[in-house]
Amino acid sequence: MANVLVLNGPNLNRLGSREPDIYGHATHDDLAAACRETAAELGMTVDVRQTNDEAELIAWLHEAADTSTAVVLNPAAFTHYSYAVRDACAMLTAPLIEVHLSNPAAREEFRHTSVVSGVATGTIAGLGLDSYRLALRAVAGLLGR
Ligand code: DQA
């Protein structure tokens, strides 16, 4: 059974209380439950992790590279400036779907740049938890499931 790493970057542990007008009321636990439910429907498993630490996120991406594991990644603010996260993403061999809860293109100018998109298989943004559900469906399709 395919396992997918769902990796969430800084401040996403604050979902539920963080700017709910932008990010909604679902918590990170709700997000993890939604991912587990969708993965089960697709005959996959997920490992959902969150970190506020760039080095830890990069170590998880190295793990995915070493094990050829598909990744659904919300790099959060790292999206916009972390060349180190981008370089780690570039080493992945299995599908990488970049996700965002909000639509960064409709927000402040600094959010209009993603340094990750250029090395992602695809990007899904602006659909709240559905961004993750659709990303898992995309991974299942890409893995031929
Ligand atoms: C985000 C969008 C980013 O611009 C922001 O820094 C985040 C969350 C999203 O999911 O909408 O932390 O990635």
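Just so you know, all these numbers are worked out from the coordinates, no wet-lab data involved. Since we're looking at a predicted model, the values are computed, not measured. All Cβ positions, even for glycine, are placed from backbone atoms using ideal geometry, and neighbour counts span all protein chains on display.
Residue 55 meets the conditions (1) surrounded by fewer than 17 Cβ atoms within 10 Å (Cβ to Cβ); (2) of a type in the set (A, V, I, L, M, F, W, C); (3) in contact (Cβ under 8 Å) with a residue 12 or more places away in the chain in every case but one. The failed one is (3). Within the range 87-127, the residues that satisfy the criterion of being more than 13 Å from residue 76 (Cα to Cα), buried (at least 16 other Cβ atoms within 10 Å of the Cβ) and not β-branched (Val, Ile, Thr) are 88, 89, 92, 94, 95, 96, 120, 127.
Does residue 137 satisfy the criteria of being more than 14 Å from the ligand (Cβ to nearest atom), in contact with a Leu (Cβ under 9 Å, 6 or more places away or on another chain), part of a helix (DSSP H, G or I) and not aliphatic (A, V, I, L, M)? So residue 137 passes the test. Of everything listed in (1) free of Cβ contacts under 8 Å to residues at least 40 places away in the same chain; (2) surrounded by 16 or more Cβ atoms within 10 Å (Cβ to Cβ), the single unmet condition for residue 41 is (2). Mind checking which residues of the range 108-121 are of a type outside the set (Val, Ile, Thr) and either at positive phi or touching a Pro at 6+ places or on another chain (Cβ under 6 Å) (or both)? If the condition is that a residue be of a type outside the set (Val, Ile, Thr) and either at positive phi or touching a Pro at 6+ places or on another chain (Cβ under 6 Å) (or both), then 111 is the only one that fits.
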